[in-house]
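Encoded as structure tokens, the structure appears first; notes follow it.
The values are calculated or read from the model by the stated rules, or taken from the named source; none is laboratory data. Keep in mind that what you see is a predicted model, and the values were worked out from it rather than measured. Positions of Cβ are backbone-derived with ideal geometry, glycine not excepted, and every protein chain shown enters the neighbour counts. Remember, those area values only see protein heavy atoms, side chains included, never the ligands or the DNA or RNA. Shrake-Rupley method; radii C 1.70, N 1.55, O 1.52, S 1.80 Å.
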Amino acid sequence: MAQNKLIVSNWKMNLNLSESKKLIHKLTKSTLKKKHYLKKIICPQFLLIPNISSIIKDTNLVLGAQNCHYEKEGAFTGESSIELLKSFNCKYIILGHSERRLFTADSNSLVRKKIKIALSTKIKPIVCIGEPLEFRKNKDYLKFLDKQLNECIPECNEIIVAYEPIWSIGTGLVPKFEEIFEIQNYIKNFLKKKKFIKKISVLYGGSVSSNNIVNIIEESEVDGALIGGASLVEKEILKIISIL
Ligand code: PGA
């Protein structure tokens, strides 16, 4: 596994301050430090960001966020701005996650605006796309993904896309490796041709665990993984990092 890979921990709305400190301490153990080809990105809840930002300051962990508003500042009660995230040294941001699309109605056009403001502050967006099960069953999944890619992603120089089939998130179901390969290839070709993007990384997300990570990365040729449930379990995330 010599090529650079991104391992993104999406903690979602989990872990309190002491639990996250404990997990970070384990993740920064010396034995895990040597893997320069692995970029380990931690995306905690908003309220944990200031603490975690200072805890990981001199480590090889990188900070990411799970959302932002599309405006710089203003009368948007309950929202958080990209500038504030930047001030805490956030380098990445997950945008368009299917849970946000479902629970807070993040539409393709809203995701696009968020991507634009993230790019303008040099925070790298990790843009989530993925089809519901019926589109996979009806073999209409490429049409669904096309629309998401087209409407969400602006023309830019560099983008990270996480392919996360909705039916795979938190279910234990994972597409066949050749199916993930097909999609990562499709995303790269689509974005090169339609959006003229030169540097495209594609991650896979959905029920990633220590049992499937190596095969997913090697056989599907993705550039890394976006990991939810397994990123919260100390043994699992340590194993994932150690076997890559
Ligand atoms: P999961 O979640 O690994 O628990 O399936 C992935 C995600 O939602 O990003």
Elements of type strands (runs of 3 or more DSSP E) in region 51-157, at least 1 residues being over 22 Å from LEU15 (Cβ atoms): 124-129
Checking VAL174 against (1) closer than 16 Å to ILE227 by Cβ; (2) open to solvent by less than 30 Å² (accessible area, probe 1.4 Å); (3) among the hydrophobic types (A, V, I, L, M, F, W, C), the condition it does not meet: (2)
The listed residue being β-branched (Val, Ile, Thr) and under 18 Å from LEU142 (Cβ atoms), out of ILE169, ILE200: ILE200
Residues located in region 194-244, provided they are within 10 Å of the ligand (Cβ to nearest atom) and touching a residue at least 60 places away in the same chain (Cβ under 8 Å): LEU203, GLY205, GLY206, ALA225, LEU226, ILE227, GLY228, SER231, LEU232
In region 155-178, the residues that are over 16 Å from the mean Cα position of the chain (by Cα) and away from the ligand (no atom under 16 Å from the Cβ): GLU155, CYS156, ASN157, LYS176, PHE177, GLU178
Odd one out for ILE126, checked against (1) away from the ligand (no atom under 16 Å from the Cβ); (2) of a type outside the set (Asp, Glu); (3) under 16 Å from the mean Cα position of the chain (by Cα); (4) within 24 Å of GLU182 (Cα to Cα): (1)
Residue under evaluation LEU232, criteria (1) within 19 Å of GLY64 (Cβ to Cβ); (2) open to solvent by less than 20 Å² (accessible area, probe 1.4 Å), criterion not met: (2)
Residues (more than 19 Å from the chain's Cα centre (by Cα) and in contact (Cβ under 8 Å) with a residue 40 or more places away in the chain) located in region 180-193: PHE190
